[in-house]
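S.K.: Questions regarding the structure given below will be posed in turn.
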Amino acid sequence: MSAAKTNSGRFFEDYRLGEVIQHAVPRTVQGGERALYHMLYPAQHALHSSDAFAQNCGLAESPLDDMIAFHIVFGKSVPDISLNAVANLGYAECRWLASVWPGDTIRSSSEVIGLKQNSNGKSGVLYVRTTGTNQHGAVVMQFVRWVMVRKGDLDAPAPDTVIPELAGVVAASDLVIPRGLDFTEYDFPLAGEPHRLGDYKTGEIIDHVDGVTLTEAEHMLATRLWQNTAKVHFDVTSRPDGQRLIYGGHVMSLARALTFNGLSNAQFVVAINAGAHANPCFAGDTVRAWSEVLDTAKTDAPGVGAIRLRLVATKGGAVGALRGVDGKYLPDVLLDLDYWALMPL
Amino acid sequence: MSAAKTNSGRFFEDYRLGEVIQHAVPRTVQGGERALYHMLYPAQHALHSSDAFAQNCGLAESPLDDMIAFHIVFGKSVPDISLNAVANLGYAECRWLASVWPGDTIRSSSEVIGLKQNSNGKSGVLYVRTTGTNQHGAVVMQFVRWVMVRKGDLDAPAPDTVIPELAGVVAASDLVIPRGLDFTEYDFPLAGEPHRLGDYKTGEIIDHVDGVTLTEAEHMLATRLWQNTAKVHFDVTSRPDGQRLIYGGHVMSLARALTFNGLSNAQFVVAINAGAHANPCFAGDTVRAWSEVLDTAKTDAPGVGAIRLRLVATKGGAVGALRGVDGKYLPDVLLDLDYWALMPL
Amino acid sequence: MSAAKTNSGRFFEDYRLGEVIQHAVPRTVQGGERALYHMLYPAQHALHSSDAFAQNCGLAESPLDDMIAFHIVFGKSVPDISLNAVANLGYAECRWLASVWPGDTIRSSSEVIGLKQNSNGKSGVLYVRTTGTNQHGAVVMQFVRWVMVRKGDLDAPAPDTVIPELAGVVAASDLVIPRGLDFTEYDFPLAGEPHRLGDYKTGEIIDHVDGVTLTEAEHMLATRLWQNTAKVHFDVTSRPDGQRLIYGGHVMSLARALTFNGLSNAQFVVAINAGAHANPCFAGDTVRAWSEVLDTAKTDAPGVGAIRLRLVATKGGAVGALRGVDGKYLPDVLLDLDYWALMPL
């Protein structure tokens, strides 16, 4: 038998600072993936639902949901980055740089930008900047994530510690607005709510009300669609408790879709400043979401503002409750995501 | 916290006779939605399965299944019409007026055509005529439904009672035949059965034989696809019994698809005369269907006839059994739908 | 009530040697079906995932996965061939002859090529050659399968026994290479693995490592998508044990997709030499796969070789373990498939 033919993943000592890893299997996305996104998530934001609405906002047609690009670019990195990961520790400096249109083919690569072996000598923290490009070579999105990765050979020497300097928040001036976007003719009734950027105040908390009870089939369909094949999501024998861990990105998409009720006009996700998967999520959990307005800003595009939001997904607990007195996430908190979206002024 | 940003739905006293409500979020449908329809339902009618078959019947390509238009137009009306509904009481005067093609964008609006407060003063019956239009402003379908809606303020005055006059049956002469439809070259073997309109006799009952056992994941995927986000379908905490109620339209599509076995040539649903969701449906139920031929008629289109059918979906019980001696639906009856379809002469 | 309108399936005595049966309901496939395939299976082979990758291999765009053609052609034959089948006994001489492109419409027909009544007089073995054609009349694939079919009338005379001569293996020289295919510029890193045909040795066994735990919803969605409506897959009342039998083709697609890990470059399935569904498969089973290299061959296309593989899907047991000392399949073996795929030299 040849185990040599299959990929058992890289270990911490296999990464070199500055190394660029081309991830396998480019993926063409089309209208079919858009339809699936509407089936898998309660996604209703009008710009991703209607070509006519998108055209009224200056775009050629409705681009694919921003999270589709994220999931594909992320999913392709899994076999090279996180197959032997113990934990997905954080995100930073995530920006969407070009829209993904039906027919585009997405590729993904990652550069190693930081390494720090843990003091126990058994694992280390790997920092990568992952980039998605389309068939024209244009960058469609980029993000930094850091993961804890096991060492395969405990005797391998520790690399020099390099921890990258990362922005705590993407500056509003660094947000990239989809080319042509114009909200001056924005149709609020069609979009679902009358609230414009000026109606949201920093510190305001919005309860998105709706909840979705998760099933095994749905999270596996979604995770598989993005060609993310990490075992823990699909194989009941891969965790001691016999449960299939739900892909953190599934919770991100679900929570973002739930924000429609209260944030119908937060039309594009253009940056993620930070993100944490606070607790694991399993089938049977009923997921709800609340948001906190963190900031607002103007942009150069006509009628287009930016809103910075904290999006929290939970499986219970009070709206607005995030951390305990010990500073740790409450046990019912699933996701804490800090992002920028675009909204009509 | 701001609850004001989210939609808690309208109450009975919030509706005014003659008011027209534009429902939010237009939706573009494409081939992806067609593929999903074939995955979610055992849909096999040839005109909606094959471009080549549709072209042989005078159409440019295969239009989207009639029920896709219904579900989208209906789903969009839910946040404005039935979020606080106690019950969906009935349908009438439902007609498909123009085919929906891949690439079309569908919008939905409803006119309040009737109001009647209940004698208990706690709720009332709301009658609306809901209209779906495409990106060219053409009406693709229209239907009347009436729902019982809770009052939010029990002290609000009762409106004048207006009950609209509704046709018990859409007259055959009022059916709209898809433009260009021509069944003179109809290929019966490819369609699946040799039976033409003349082979069906009024009063005839057809057992469609096949059954499908429902799962939670499938009904949620389907309901979500049509952007129908009513809580009871998705959130186990929203009903006292902890069950997710299956969207009545899911049962309609499933039952219609099951009629393929015995009614392969009933190719288009062009009108719904009346409909009742007789009993709730839950995951685990095994759904079967039977039909009764109610009428047949000619149309002006070449080779095209119309057949009026009663479609009954059940989770058990004898074929043909509909009501008990008390006149009420038997407990195993899920759906009683009276509709017109087109069939080759 | 009229049972005469519905199809209760053919019995063994209803088939005549040489008879050609046109199966009903042509089916148009598009990008939506491709997206669904990626959602239902962990399919990652680059040629079916990326238009850009396919273009780099000399093709106009990414054709639909080979198994989509198989499932559609097979599914259409079910109502005429295997509705009253006791068992699906085998496959032979299966070849893919033309690619299926988005927009193609597939039809299916079967010729009766063999009949042998069983000695018990209650059933017989039916051999058919099933052919799928596209809207231009070109044959896209063809396969022989044989099934055991019940007799409806036990007094019906036995037909003359005719057992067709079938090739044990499709000769490498009979494989049809997709027109234009050229692997001379093949991008191994993008495809996922560096292994070319010369790296695989006859007798080598590959453990594909990954496992997928099955759910009811997913196998029903997949089976329904191919318009295969055999009752046992959908209706819990159709088997004495109350379980839904998983369509054998679902296991084939799943196992083929799992081979990506170790056989990333086995890009097209071009022939099936033989196949057996060794044991039934149910929701809850965790499916894994292993492969044995049976042969390699050259082809006339530039840079394109062929690899003959045994693909075994299991729900447990050791890699490489296939049959017991009694020569019978081990109880954990689900599928034993002997096929040819194309691989860069």
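S.K.: Using the structure shown, decide if A:PHE143 is within 9 Å of another protein chain (Cβ to nearest Cβ) and of a type in the set (A, V, I, L, M, F, W, C).
M.R.: Working: within 9 Å of another protein chain (Cβ to nearest Cβ): no; of a type in the set (A, V, I, L, M, F, W, C): yes.
Taking the combined requirement at face value, the residue does not satisfy it.
S.K.: Then there's this: For the range C:264-278, indicate whether the set of residues that are touching a Pro at 6+ places or on another chain (Cβ under 8 Å), within 14 Å of chain B (Cβ to nearest Cβ) and not charged (D, E, K, R) is non-empty.
M.R.: No - not one qualifying residue is present in the range C:264-278.
S.K.: I'd like to verify a number: residues in the range B:215-243 that are over 27 Å from C:ASN228 (Cβ atoms), within 10 Å of chain A (Cβ to nearest Cβ) and basic (Lys, Arg), how many?
M.R.: First pass over the range B:215-243, keeping only residues over 27 Å from C:ASN228 (Cβ atoms): B:227-243.
Narrowing the set further to residues that are within 10 Å of chain A (Cβ to nearest Cβ) leaves B:227-231, B:233-238, B:242.
Applying the additional criterion that residues be basic (Lys, Arg) yields B:231.
Residues meeting the conditions: 1.
S.K.: Hey, C:GLN142 hits all of (1) farther than 30 Å from B:GLU61 by Cβ; (2) modelled with pLDDT of 95 or more but one; which does it fall short on?
M.R.: Here C:GLN142 clears every test but (1).
S.K.: Output the residues belonging to the range C:296-306 that are surrounded by 15 or more Cβ atoms within 10 Å (Cβ to Cβ) and not in a loop (DSSP other than H, G, I, E, B).
M.R.: Correct list: C:THR296, C:VAL304, C:GLY305, C:ALA306.
S.K.: Here are C:ARG239, C:ARG179, C:ARG150: which of them is surrounded by fewer than 22 Cβ atoms within 10 Å (Cβ to Cβ), more than 20 Å from the chain's Cα centre (by Cα) and over 21 Å from C:ASN84 (Cβ atoms)? Write out each step before concluding.
M.R.: Values: C:ARG239 fails: over 21 Å from C:ASN84 (Cβ atoms); C:ARG150 fails: over 21 Å from C:ASN84 (Cβ atoms).
Exactly one residue qualifies, and that residue is C:ARG179.
S.K.: Then there's this: Just checking, does the range C:199-211 include any residue being under 29 Å from C:CYS57 (Cα atoms) and in contact with a Leu (Cβ under 6 Å, 6 or more places away or on another chain)?
M.R.: Yes, the range C:199-211 has at least one match.
S.K.: Filter the range A:311-345 down to the residues that are over 17 Å from A:ALA257 (Cβ atoms), without any contact (Cβ under 8 Å) to a residue 60 or more places away in the chain and within 14 Å of chain B (Cβ to nearest Cβ) and list them by number.
M.R.: A:GLY316, A:GLY317, A:ALA318, A:ALA321, A:LEU322, A:ASP332 - these are the residues of the range A:311-345 that are over 17 Å from A:ALA257 (Cβ atoms), without any contact (Cβ under 8 Å) to a residue 60 or more places away in the chain and within 14 Å of chain B (Cβ to nearest Cβ).
S.K.: Given the conditions (1) surrounded by 18 or more Cβ atoms within 10 Å (Cβ to Cβ); (2) among the charged types (D, E, K, R); (3) without any contact (Cβ under 8 Å) to a residue 60 or more places away in the chain, report the number of the one that A:GLU61 does not fulfil.
M.R.: Of (1) surrounded by 18 or more Cβ atoms within 10 Å (Cβ to Cβ); (2) among the charged types (D, E, K, R); (3) without any contact (Cβ under 8 Å) to a residue 60 or more places away in the chain, only one is false for A:GLU61: (1).
S.K.: Filter the helices (runs of 4 or more DSSP H) completely within the range B:15-115 down to those with at least 3 residues that are within 14 Å of chain A (Cβ to nearest Cβ). Explain how you work it out, then say what you get.
M.R.: Values: elements: B:31-40, B:51-56, B:66-81.
Per the criteria, B:31-40, B:66-81.
S.K.: Going by the structure shown, is B:GLY137 closer than 30 Å to B:SER49 by Cα and free of Cβ contacts under 8 Å to residues at least 12 places away in the same chain?
M.R.: yes
S.K.: Give the number of residues within the range A:307-344 that are surrounded by 16 or more Cβ atoms within 10 Å (Cβ to Cβ) and not in a strand (DSSP E or B). Break it down into steps so the answer makes sense when it comes.
M.R.: Taking the range A:307-344 first, the residues surrounded by 16 or more Cβ atoms within 10 Å (Cβ to Cβ) are A:307-316, A:319, A:322, A:329-330, A:332-344.
From what's left, not in a strand (DSSP E or B): A:315-316, A:319, A:322, A:330, A:332.
Number satisfying all stated conditions: 6.
S.K.: Now for a different question. Could you tell me how many of the residues in the range C:189-204 are at the interface with another protein chain (Cβ under 9 Å from one of its Cβ atoms) and within 13 Å of A:ALA24 (Cβ to Cβ)? Before you say what the answer is, go through the steps one by one.
M.R.: Residues of the range C:189-204 at the interface with another protein chain (Cβ under 9 Å from one of its Cβ atoms): C:189-193, C:195, C:199-201, C:204.
So of that shortlist, the ones also within 13 Å of A:ALA24 (Cβ to Cβ) come out as C:189-193, C:195.
Of the residues in that region, 6 qualify.
S.K.: Suppose we filter A:ALA266, A:ALA271, A:ALA257 for residues that are out of contact with any strand residue (DSSP E or B) (no Cβ under 8 Å at 6 or more places or on another chain), of a type in the set (Gly, Ala, Ser), surrounded by 22 or more Cβ atoms within 10 Å (Cβ to Cβ) and not assigned by TED's automatic domain parsing to the domain that holds A:SER82; which single one remains? Before the answer, list the steps.
M.R.: Working: A:ALA266 fails: out of contact with any strand residue (DSSP E or B) (no Cβ under 8 Å at 6 or more places or on another chain); A:ALA271 fails: out of contact with any strand residue (DSSP E or B) (no Cβ under 8 Å at 6 or more places or on another chain).
Answer to the selection: A:ALA257.
S.K.: Do the conditions hold for C:VAL236, that is, is it out of contact with any helix residue (DSSP H, G or I) (no Cβ under 7 Å at 6 or more places or on another chain), farther than 27 Å from C:LEU175 by Cα and modelled with pLDDT under 95? Let's see the steps before the verdict.
M.R.: Details: out of contact with any helix residue (DSSP H, G or I) (no Cβ under 7 Å at 6 or more places or on another chain): yes; farther than 27 Å from C:LEU175 by Cα: yes; modelled with pLDDT under 95: no.
In short, no.
S.K.: Note down all Cβ pairs under 7 Å where the first residue falls in the range A:74-87 and is over 20 Å from A:GLN142 (Cβ atoms), the second is not hydrophobic (A, V, I, L, M, F, W, C), and they're at least six residues apart or on different chains.
M.R.: Going by the 7 Å Cβ cut-off, the qualifying pairs are A:LEU83/A:GLY9; A:ASN84/A:GLY9; A:ASN84/A:ARG10; A:ASN84/A:ARG150; A:VAL86/A:SER123; A:VAL86/A:ARG150.
S.K.: For the structure I just gave you, tell me whether C:THR131 is out of contact with any Cys (no Cβ under 9 Å at 6 or more places or on another chain) and away from chain B (no Cβ under 14 Å). Write out each step before concluding.
M.R.: Details: out of contact with any Cys (no Cβ under 9 Å at 6 or more places or on another chain): yes; away from chain B (no Cβ under 14 Å): yes.
For C:THR131, the condition - out of contact with any Cys (no Cβ under 9 Å at 6 or more places or on another chain) and away from chain B (no Cβ under 14 Å) - is met.
The values are calculated or read from the model by the stated rules, or taken from the named source; none is laboratory data. Because the structure is a prediction, the values reported are computed rather than measured. Neighbour counts run over all protein chains shown; Cβ positions are idealised from the backbone, glycine included.
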